[in-house]
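Written below as structure tokens is the structure these notes are about.
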Amino acid sequence: MQTTPPPPPSSIPVAPAGLSDRARRFVEMDGICVLRREIRRHRDAWLAEGIPAAEIDRAAAFQDRWGGLALPPAPFYEGGPRVLAAGRPRGSSGSGWSFRAGDCRVSMPYGFLIGPDGTFGLDAHHWTPLHASTDGWVESLALAAHAARWAKTVTKLRGGAVDSLNLDDYEPVPEVQGLTDTWWRGHDSLIAVYRGEAVGLDAPRCLEAHVYGGLDAWGLQD
């Protein structure tokens, strides 16, 4: 008796729970699902190499939540990861364990890692956490896409001009969970400050900020 093969997985992603409405729309309307690698098949081999079971489970949980999701290029970091996907955990009990968050889009002097505490960041000259979680990274991508769509002006500042920004009348945007990178909301503008390359590569000239001006209430909050 012939059996009908299962249909191929849908390329339309379903956003994980816990994201803002803006990020959920971004993932489901602008993202694409590609074939997700099953990393649990490596469990026995990784255990034999001395990788703790808890770290393998942590990488597998990331893969379950984000693995195979391709998002539009980030406005900084050469577009960010091409496809989110967990790699083999690496580290030690002393330094902590991390794993790759996805392959880069182009040849770059750093990669993207999930740190021992779940932070999303750069594996550059030294580990530089950008956001407190991968959710925060995705929220930042969604906010950048939204702000670029609705802003009347977009201004890019570099180097010392970023340090001269006066953010006294701005409040941090909490959903991006900013650490080295931060987002700020003012009365008619949003500002993204990208410090990751400057810190991770010890290169102050790489410091950059994007100022999205002329936003109305929809552009600021939605």
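The values are calculated or read from the model by the stated rules, or taken from the named source; none is laboratory data. A quick note: this is a predicted structure, and the numbers were derived from the prediction, not measured. Reconstructed Cβ throughout: ideal geometry from the backbone, glycine too, with neighbour counts over all protein chains shown. SASA here: full protein model, heavy atoms, side chains in, ligands and nucleic acids out. Shrake-Rupley method; radii C 1.70, N 1.55, O 1.52, S 1.80 Å.
Take the conditions (1) part of a loop (DSSP other than H, G, I, E, B); (2) closer than 26 Å to Val193 by Cβ; (3) free of Cβ contacts under 8 Å to residues at least 60 places away in the same chain; Ile12 misses just one of them, which is (2). All of (1) in contact with a Pro (Cβ under 6 Å, 6 or more places away or on another chain); (2) among the aliphatic types (A, V, I, L, M); (3) farther than 20 Å from Asp103 by Cβ hold for Ala53 with one exception: (1). Of all residues in the stretch 16-48, exactly one satisfies the criterion of being open to solvent by 80 Å² or more (accessible area, probe 1.4 Å), assigned to a helix (DSSP H, G or I), more than 30 Å from Pro174 (Cβ to Cβ) and not charged (D, E, K, R), namely Ala48.
Condition check ((1) aliphatic (A, V, I, L, M); (2) in contact (Cβ under 8 Å) with a residue 40 or more places away in the chain) across all residues:
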position	(1), (2)
Gly50	no, no
Asp57	no, no
Ala61	yes, no
Arg65	no, yes
Gly68	no, no
Gly94	no, no
Gly115	no, no
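Scanning the stretch 165-179 for residues that are in contact (Cβ under 8 Å) with a residue 40 or more places away in the chain and out of contact with any Leu (no Cβ under 9 Å at 6 or more places or on another chain) yields a single hit, Gln177.
So which residues in the stretch 51-82 are open to solvent by less than 10 Å² (accessible area, probe 1.4 Å), part of a loop (DSSP other than H, G, I, E, B) and among the aliphatic types (A, V, I, L, M), if there are any at all? Matches in the stretch 51-82: Ile51 only.
None of Ala142, Ala151, Ala161 is open to solvent by 30 Å² or more (accessible area, probe 1.4 Å) and either closer than 21 Å to Arg205 by Cβ or in contact (Cβ under 8 Å) with a residue 12 or more places away in the chain (or both) except Ala161. When Gly87 is tested against (1) touching a strand residue (DSSP E or B) at 6+ places or on another chain (Cβ under 8 Å); (2) outside any strand (DSSP E or B); (3) open to solvent by less than 50 Å² (accessible area, probe 1.4 Å); (4) farther than 25 Å from Leu47 by Cα, just one condition goes unmet, and that condition is (4).
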